[in-house]
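Chemist: Can you read through this structure? Questions will come right after.
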C-alpha cells in the first residue's frame, strides 16, 4: 500500500497501466532477467525500457552503459509515489508508446499531484438518496469518457476507477447508472454482479476477484453501452455520494454534430432537476470537451449542452 506519498494517485495509475495493459506489460516483462518482483512491476525492467528509449532518441549516448542502473532510483520513486517529475513521466509515456488516452489520464493526474489544480466541488446534494448499502471505499481516481455518434445519440461510456477500502471485506463496487443502459462490460478488475433498483435509481455491482482489506487498493475498468433515446441527450451526469479524488471527465462529440453551446454543470440530484451551477465550457475542433477537478464530494457533476 502506498501511504502518505506526494505523488500517490499518479503512481497508482502508472503502476496499474504497466501491470494490466498487455502491450505495456509485455514490453517490460521481456527485459526481466531475474524475477524477484513477486508479480509486481519490475523496477529494473522498466528502467531498462527507459534506458533503451533514451539511447534510441539520442538523449543519452549508447556508450553510457550504466544508464539502466542509474535510472532505477528514478523509476522506484515514480512507482512508489515518492516523486515523479514531468520529465520522468514524459520519458515513460514515450518509452512505452502509450495510447493517447492513457497518456492524457497520467498527465491530468500528475497535474493534480503537483498542486496545479482547480478548486474541488462539494455539498451540492442537500437531500441524499437512499442507497442499497453504505459506502465502504474511498475513490482515489476516476477517468470517465462519454461518446456520442453522428446521430447525436449517446452510445458509450468508458470508466477507469481506482478505489481504496475503508474496512475489511470490501468485495464489490456499486455502479449507479442511467436506466437507458443496454449493457455493461467489465474490462478488467472484476465481474458484473447483481442489479438493484431503488429510489428511482438503477445500479449494478462490480464484484472483485478477492475481498479487499482495509487500506488496500484495486483498479477496474468498465464499458457501458446505451439504447438509442427518443430525443438526443443534452447532458451527462456523474454522482459522488462520498468523495471522488482526481476526477477527470470528457465527452466526445462526432463532428460535424457539435453542440451550439456547452456548460460544465453541477446538480443537486442524480437525475432530477436543473443545474444549480453552470460554467461555460469549450468543445475543441475534434469534438472533445474535457474537465478535470481534484475532488467531487456529495455532488453531481457533468456537462450540459444545446444542439
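Residue by residue, here is whether (1) assigned by TED's automatic domain parsing to the domain that holds residue 246; (2) in a helix (DSSP H, G or I); (3) without any contact (Cβ under 8 Å) to a residue 24 or more places away in the chain holds:
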{"position": "47", "(1), (2), (3)": "no, yes, no"}
{"position": "53", "(1), (2), (3)": "no, yes, no"}
{"position": "63", "(1), (2), (3)": "no, no, yes"}
{"position": "68", "(1), (2), (3)": "no, yes, no"}
{"position": "76", "(1), (2), (3)": "no, yes, no"}
{"position": "82", "(1), (2), (3)": "no, no, no"}
{"position": "91", "(1), (2), (3)": "no, yes, no"}
{"position": "106", "(1), (2), (3)": "no, yes, no"}
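Chemist: Of everything in the range 201-229, what is in contact (Cβ under 8 Å) with a residue 40 or more places away in the chain, under 18 Å from residue 134 (Cβ atoms) and in a strand (DSSP E or B)? Give them in sequence order.
Modeler: 201, 203, 211, 212
Chemist: Another question, then. Being in contact (Cβ under 8 Å) with a residue 40 or more places away in the chain and assigned to a strand (DSSP E or B) is the filter here, so list the residues in the range 265-288 that pass it.
Modeler: Within the range 265-288, 266, 267, 277 meet the criteria.
Chemist: Restricting to the range 272-293, what's the tally of residues that are under 17 Å from residue 154 (Cα atoms) and over 24 Å from the mean Cα position of the chain (by Cα)?
Modeler: Qualifying residue count for the region: 0.
Chemist: Going through the range 95-121 one residue at a time, which ones are surrounded by fewer than 16 Cβ atoms within 10 Å (Cβ to Cβ), at pLDDT 80 or above and more than 14 Å from residue 143 (Cβ to Cβ)?
Modeler: Across the range 95-121, the qualifying residue is only 97.
Chemist: Hey, could you check the range 230-264 for residues that are modelled with pLDDT under 90 and part of a loop (DSSP other than H, G, I, E, B) and say which is surrounded by the most Cβ atoms within 10 Å (Cβ to Cβ)?
Modeler: If we take residues in the range 230-264 being modelled with pLDDT under 90 and part of a loop (DSSP other than H, G, I, E, B), then 257 is surrounded by the most Cβ atoms within 10 Å (Cβ to Cβ).
The values are calculated or read from the model by the stated rules, or taken from the named source; none is laboratory data. Please read all numbers here as calculations on a predicted model, not as lab measurements. When we count neighbours, we look across all protein chains shown, and the Cβ atoms used for this are built from the backbone with ideal geometry, even at glycine.
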